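For reference, the structure is listed below as structure tokens.
The values are calculated or read from the model by the stated rules, or taken from the named source; none is laboratory data. Please read these numbers as outputs of a predicted model, since none were measured by experiment. In this analysis, Cβ positions are derived from the backbone assuming ideal geometry, glycine residues included, and neighbour counts consider all displayed protein chains.
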């Protein structure tokens, strides 16, 4: 039985295409027949609505973190082959405060999700984090095998890259998650019309050549529109450049991490 590989997509900056990447990467992996679980860890629940589901009180990882219910009963079928969802809800925002009061506060999410990781039902798990390096994001890093950084093709985005990379080092050095690594950097919102986008990609490629993915996600209005219809880009516009990009990214990640049988 193949083991489960856990990816967390985190960035302390909002508006970088993090949730768009989480949803469409998960869908892309599922399209490759890789059993995939998408975990929405953001109280705003954008990944949940992006797959066409409403927030439902009591259906998220939050009750399990508080010692209520089982994690398996929180998972829902998405109606898409090979893709399941652990949705989010507004109450999850309270976890930022309540987790800090627990012993081993950085390891609570890992313990709550362990039955899903150990079940053998999923080859890939993708965790979508809030746009901040708070308690939920830190817990997701403690639970993950690999961090995937969604990085907008702008110079300001580069400033925050060093911060999140140093957090990975600190978690490893402290023994919180000694096998966590930076699985890769996904360049998002690439604008073919500007030199700036090309310059930012080139700078990341020069400094972190082994980490940056070959696939670059373009800036396209269709990627922004799809979530409002509760659809992935694969469903919303099959011929869009964003569709091709996320399909290629899924293939690249599947190959890099050996997700295919």
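In the range 191-204, the residues that are under 12 Å from residue 155 (Cα atoms) reach residues that are loosely packed, with under 14 Cβ neighbours inside 10 Å and modelled with pLDDT under 90 with C-beta atoms within less than 8 angstrom, at least six apart or across chains, in these pairs: 196/155; 200/155. A Cβ distance below 7 Å, combined with a sequence gap of six or more or placement on separate chains, defines the contacts here; from the range 205-220, residues that are under 23 Å from residue 247 (Cβ atoms) reach residues that are part of a loop (DSSP other than H, G, I, E, B) and modelled with pLDDT of 95 or more in the pairs 220/240.
Here is a list: 245, 250. Which entry is under 30 Å from residue 78 (Cα atoms), part of a helix (DSSP H, G or I) and touching a residue at least 60 places away in the same chain (Cβ under 8 Å)?
Checking each option against the conditions leaves just 250.
When you look at residue 133, is it crowded, with 16+ Cβ neighbours inside 10 Å, on the phi < 0 side of the Ramachandran plot and not in a loop (DSSP other than H, G, I, E, B), yes or no? In short, no.
Taken over the range 171-181, the criterion of being out of contact with any strand residue (DSSP E or B) (no Cβ under 8 Å at 6 or more places or on another chain), within 16 Å of residue 7 (Cβ to Cβ) and surrounded by 11 or more Cβ atoms within 10 Å (Cβ to Cβ) is satisfied by 171, 177.
Sort out which residues of the range 42-69 are crowded, with 18+ Cβ neighbours inside 10 Å and either over 19 Å from the mean Cα position of the chain (by Cα) or more than 24 Å from residue 225 (Cβ to Cβ) (or both), and write them in order of number. Result: 59, 60, 61, 62, 63, 64, 65. Checked against (1) in a helix (DSSP H, G or I); (2) loosely packed, with under 15 Cβ neighbours inside 10 Å; (3) within 20 Å of the chain's Cα centre (by Cα); (4) at pLDDT 90 or above, residue 162 passes all but a single condition, namely (4). Might you check whether a residue that is within 14 Å of the chain's Cα centre (by Cα) and closer than 18 Å to residue 11 by Cα occurs anywhere in the range 199-220? Within the range 199-220, none of the residues are within 14 Å of the chain's Cα centre (by Cα) and closer than 18 Å to residue 11 by Cα.
Among the candidates 168, 216, 204, 200, which residue alone is surrounded by 16 or more Cβ atoms within 10 Å (Cβ to Cβ) and outside any helix (DSSP H, G or I)?
Going through 168, 216, 204, 200 in turn, the sole match is 216.
With a requirement of 1 or more residues that are closer than 21 Å to residue 180 by Cβ and touching a residue at least 12 places away in the same chain (Cβ under 8 Å), the helices (runs of 4 or more DSSP H) lying completely within the range 1-118 that satisfy it span 18-31, 62-65, 95-98, 108-118.
Among the residues of the range 123-130, are any at pLDDT 95 or above, more than 28 Å from residue 219 (Cα to Cα) and surrounded by 19 or more Cβ atoms within 10 Å (Cβ to Cβ)? Checking the range 123-130: at least one residue is at pLDDT 95 or above, more than 28 Å from residue 219 (Cα to Cα) and surrounded by 19 or more Cβ atoms within 10 Å (Cβ to Cβ).
Taking the range 223-258 as the region of interest, how many residues are in contact with a strand residue (DSSP E or B) (Cβ under 6 Å, 6 or more places away or on another chain) and surrounded by fewer than 19 Cβ atoms within 10 Å (Cβ to Cβ)? Counting residues in the range 223-258 that are in contact with a strand residue (DSSP E or B) (Cβ under 6 Å, 6 or more places away or on another chain) and surrounded by fewer than 19 Cβ atoms within 10 Å (Cβ to Cβ) gives 4. Name the single residue, out of those in the range 90-111 being surrounded by 21 or more Cβ atoms within 10 Å (Cβ to Cβ) and either within 18 Å of the chain's Cα centre (by Cα) or modelled with pLDDT of 95 or more (or both), that is farthest from residue 139 (Cα to Cα). Restricting to residues being surrounded by 21 or more Cβ atoms within 10 Å (Cβ to Cβ) and either within 18 Å of the chain's Cα centre (by Cα) or modelled with pLDDT of 95 or more (or both), the top hit is 92.
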